[in-house]
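The values are calculated or read from the model by the stated rules, or taken from the named source; none is laboratory data. These numbers were taken from a predicted model, which means no experiment stands behind them. Here the Cβ positions follow ideal geometry from the backbone for every residue, glycine too, while neighbour counts run over all protein chains shown. The area values use the complete protein model at the heavy-atom level, side chains included, leaving out ligands, DNA and RNA. Shrake-Rupley method; radii C 1.70, N 1.55, O 1.52, S 1.80 Å.
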Amino acid sequence: MRAALLQLTSSDDPVENLRMTTHRAREAASDGAGFILTPEVTNCVSTSRSHQRSVLVHQHEDATLAGLQDEAARLGVWVLIGSLALKAEPPEERFVNRSFLIAPDGTIAAQYDKLHMFDVQVTEEETFRESAGFAPGDRAVLAKTPFAVVGLTVCYDVRFPYLYRALAQAGAEILTVPAAFSPATGPMHWEPLLRARAIETGCFVLAPAQVGQHAAITGKPRTTHGHSLAVSPWGEVLLDAGDRPGVHLVDLDLSHVAQARHKIPSLQHDREFSGP
Ligand SMILES: O=C(O)CNC(=O)[C@H](CS)NC(=O)CCC(=O)C(=O)O
């Protein structure tokens with residue numbers, strides 16, 4: 001299976017972002033990709049709550065979701081929409097940060113709401129309070145496809161290893177970690193966290209990322225770390241997309257999952273323990 005990680009610099013304009021994502025997806029498919037993955041908040045990177053209120057909509061009326069479902073069907077490929085920022089179902093007034101796996105017939109095979117909210121002061125100047133704007137999900141999601149069982153996660157989730165262990169023990173072979181990682185944490189934390197999740201689960205980890213300076217009509221522009229990564233079940237970095245937007249291809253041999261787990265069967269060695 002050839003996968004394509006789309007490294008994007010989404011702006012706060014969903015119309016422009018759909019145009020760019022579609023363009024990149026067509027390029028990926030013409031390069032032979034059968035599984036195309038986009039970063040967290042593909043539809044809108046924004047720091048302004050009022051701007052989000054004015055451009056974001058509910059899932060059933062979202063043009064990015066509909067557009068990428070059409071594109072998946074037209075190209076006959078699997079698409080992981082890393083996430084879309086969407087209005088939640090009432091009475092919840094916040095948004096949701098929702099990841100979608102789209103099948104080659106254009107239908108939604110799975111959807112997952114990011115579980116862990118990034119409520120962190122990353123530097124003296126920059127604080128994120130994701131939970132103020134976004135309602136967290138409350139369940140882990142696995143999707144069976146003909147090429148692999150896929151476990152869906154998003155960005156800050158990567159810091160909670162038991163989620164990945166639960167997905168792997170339930171059968172996951174590929175773990176997706178679409179992201180918009182902070183430049184304050186990315187250089188030191190991004191790659192080791194992803195490699196650790198791959199090694200301890202014996203899964204492929206695919207992490208398409210937002211990158212660079214994100215244009216914003218309203219609010220402060222944001223910068224993200226980039227370095228979309230594909231990691232093998234043995235922990236080898238198969239692909240590092242660096243710090244520029246683009247299409248990045250990686251060929252996955254799913255038999256490497258069983259090979260890695262045969263060498264180190266740690267997934268079967270959990271113990272019950274008391275304390276601490
Ligand atoms: O708010 C949006 O538009 C979309 N969501 C994000 O960008 C989220 C929450 S602010 N980013 C992260 O989770 C980065 C985590 C991170 O950088 C770390 O764990 O170090």
Helix-only mean residue ellipticity at 222 nm, the chain, DSSP H runs n ≥ 4 weighted -39,500 (n - 2.57), per residue, nearest 500. What is it? -8000 deg cm²/dmol
Going toward the positive end of the dipole of the chain, with +1 on Lys and Arg Cβ and -1 on Asp and Glu Cβ, which of H23, W190, Q213 do you reach last? W190
Between A258 and A73, with labels modelled 7 Å along Cα→Cβ, what's the label distance in nm to one decimal, could you check? 3.6
Here the net charge surrounding T64, from other residues whose Cβ is less than 12 Å away from its Cβ (Lys, Arg +1; Asp, Glu -1), is -4
Percent carbon-and-sulfur accessible area, region 1-89, ignoring ligands, DNA and RNA, probe 1.4 Å: 50
Note: region 145-276 at 37 °C, 0.692 mPa s; Kirkwood Rh on alpha carbon pairs; Stokes-Einstein D in µm²/s works out to 210
Just to confirm, what accessible area per residue do you get for region 2-266 at 1.4 Å probe, in whole Å²? 41
Magnitude of the Cβ-charge dipole (Lys and Arg +1, Asp and Glu -1) of the chain about the Cα centre, nearest 20 debye, reported as 220
Nearest 5 is fine: what % of DSSP beta bridges in the chain come out antiparallel, could you say? 70
Label-to-label distance, nm, for residues given as R129 and R271 (7 Å Cα→Cβ offset): 4.4
What's the local net charge at G226, with K and R +1, D and E -1, over the other residues with C-beta under 11 Å away? -1
Leading residue at positive end of dipole, region 2-266 (Cβ point charges), from S10, G202, L252: G202
Subtracting the Cα-Cα distance from 0.36 nm times the residue separation, let me have the gained length for E89 to R2 in nm, one decimal. 27.8 nm
Normalised convex hull volume, region 33-153, alpha-carbon set, Å³ per residue: 114
Förster-model FRET efficiency, 25 Å R0, M188 and S30, C-beta, rounded to 0.05: 0.10
May I have the pair-distance distribution P(r) for the chain, computed from all Cα-Cα distances with 10 Å bins from 0 and rounded to whole percent? 7, 32, 38, 19, 4, 0
Summed over the other residues with a beta carbon less than 13 angstrom from that of V141, with K and R at +1 and D and E at -1, the charge totals +1
In whole angstrom, and with the biggest value first, how far do the Cα coordinates of region 1-96 range along each principal axis? 42, 23, 18
Could you look at region 110-168 and say what percent of its accessible area is carbon and sulfur, using a 1.4 Å probe and all protein chains? 50
Which whole-number percent is the relative contact order of region 2-266 (Cα, under 8 Å, 6+ apart)? 21
